[in-house]
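Asks: Structure incoming, see below.
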Amino acid sequence: MDPFGRKIDYLRISVTDRCNERCLYCMPEGYKGWENKPDHLTAEEIVRVVRVAAGLGFRKFRLTGGEPLVRGDVPEIVRAMTAIPGVECIGLSTNGMKLSAFAKPLREAGLRTVNVSLDALDPAIYHRITGGDVARVLAGIRAAVDAGFERVKLNCVLMRGVNEAEIWPLVLFAAEHGLPLRLIELMPLTTTEVLTEKNFMPCGEAMQWLSRHDELIPQPDCRLGHGPAKYFLLKQTGAMVGFVGALTNEHFCDNCNKMRLTADGKVRPCLGNHVEVDLRAALRSGANDGALKELLETALRVKPLEHQFRNQYQPCRPMTAIGG
Ligand code: SAM
Ligand code: SF4
């Protein structure tokens, strides 16, 4: 429990700050602010933190980044995590570029769910946003479906003037393949050119836009995963669409259940707050599990009530370094 009575049992772990794409809202072109690789936690260190966290009551884990699959040892990390008592569910967030090759080994290692970022289907728009190749991502999504994950979800960040015309094609794609689609409001996580009022598209506007094409039926009891999305079933198309409105939903943080572990070993109790607790120093100076547990408990104690995104929040380091 945190000081506000919220049960915190979900840890999102950034395994690297590196990425093979450069999304406009996350890591702009030309970004060179990589951390030193030796500063990243090793697989053994990550697994040790997971073991201590599971002992504290954490049950759900997600590997993310940066792009987690640029790091070749993710299946080994997953395999070691699944053997830890208390670890109930391990998921992965990926841009999908390397998913074709990794889907099967990840599933065999015990990974249960995969979230794939897909901001556009149109190859040129996709490339403009991410610098990547949408054909590779679509092949990765197919491979994930074939590998038999319990759930494959699609994530799309809403940007007015950039990908709004892609929302409807994405809904049709999601419906056709039976994959939930989450539409996510831009958050000020990295200072970039798209983080302007002009580009910010509230979830409410996306809902209005979709309701011109289809009827949105609220699914108040739908929990597809452990996140804060509010789901709607689209009556005609059959698509399940979730909205993640960190900026416009005043109650966004009410049921927060998570903390983050950055690639360089800091526990970050809230994405939208600069507070961090350093685990890496302890890990590398011979601390025992009891000391690590105390640091995790400290992080739980200082978890803020809500994010600071609405209060002129200035990101201190880019999203890739924190872990999405
Ligand atoms: N590379 C992987 C990916 O793209 O899915 C995992 C890491 S990424 C940082 C995790 C999620 O954060 C992605 O769905 C991405 O779209 C989202 N994200 C990154 N920057 C964001 C921003 N400024 N606002 C909203 N979502 C953002
Ligand atoms: Fe890379 Fe994911 Fe950030 Fe895009 S959102 S730059 S794919 S870490």
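The values are calculated or read from the model by the stated rules, or taken from the named source; none is laboratory data. Note that the structure is a prediction, hence the values are computed from the model and not measured. Cβ atoms come from the backbone with ideal geometry, glycine included; neighbour counts cover every protein chain shown. Quick note on the areas: whole protein, heavy atoms, side chains included, nothing else; ligands and nucleic acids left out. Shrake-Rupley method; radii C 1.70, N 1.55, O 1.52, S 1.80 Å.
Asks: State all residues of region 57-86 that are crowded, with 18+ Cβ neighbours inside 10 Å and touching an Asp or Glu at 6+ places or on another chain (Cβ under 8 Å); if no residue qualifies, say none.
Replies: Listed by number, the residues that qualify are PHE58, LYS60, GLY65, GLY66, GLU67, PRO75.
Asks: Here's a follow-up. Exactly one of these conditions fails for ASN163: (1) within 16 Å of ligand 2 (Cβ to nearest atom); (2) touching a Phe, Trp or Tyr at 6+ places or on another chain (Cβ under 6 Å). Give me its number.
Replies: So ASN163 meets the others, but not (2).
Asks: Would you mind stating whether GLY110 is in contact with a Ser or Thr (Cβ under 9 Å, 6 or more places away or on another chain), more than 13 Å from ligand 1 (Cβ to nearest atom) and on the phi > 0 side of the Ramachandran plot?
Replies: Criteria met by GLY110.
Asks: Just wondering, is there one or more residues in region 194-211 that are closer than 26 Å to LEU271 by Cβ, in contact with a Pro (Cβ under 7 Å, 6 or more places away or on another chain) and either touching a residue at least 60 places away in the same chain (Cβ under 8 Å) or surrounded by fewer than 18 Cβ atoms within 10 Å (Cβ to Cβ) (or both)?
Replies: Yes, there is a match, as at least one residue in region 194-211 is closer than 26 Å to LEU271 by Cβ, in contact with a Pro (Cβ under 7 Å, 6 or more places away or on another chain) and either touching a residue at least 60 places away in the same chain (Cβ under 8 Å) or surrounded by fewer than 18 Cβ atoms within 10 Å (Cβ to Cβ) (or both).
Asks: Additional query: Within region 220-230, can you find the residues that are open to solvent by less than 50 Å² (accessible area, probe 1.4 Å) and farther than 17 Å from GLU250 by Cα?
Replies: Answer for region 220-230, where residues must be open to solvent by less than 50 Å² (accessible area, probe 1.4 Å) and farther than 17 Å from GLU250 by Cα: CYS222, LEU224, GLY225, HIS226.
Asks: Right, another one. Which one of the conditions (1) under 18 Å from the mean Cα position of the chain (by Cα); (2) within 27 Å of ARG301 (Cα to Cα); (3) within 16 Å of ligand 2 (Cβ to nearest atom) does HIS40 fail to meet, given that it meets all the rest?
Replies: All conditions are met except number (1).
Asks: Of the conditions (1) in contact with a Lys or Arg (Cβ under 8 Å, 6 or more places away or on another chain); (2) not in a helix (DSSP H, G or I), GLU45 satisfies every one except a single condition; which number is it?
Replies: Failing condition for GLU45: (2).
Asks: So, ASN249, is that one surrounded by fewer than 20 Cβ atoms within 10 Å (Cβ to Cβ) and either within 19 Å of TYR10 (Cα to Cα) or in contact with a strand residue (DSSP E or B) (Cβ under 7 Å, 6 or more places away or on another chain) (or both) or not?
Replies: Criteria not met by ASN249.
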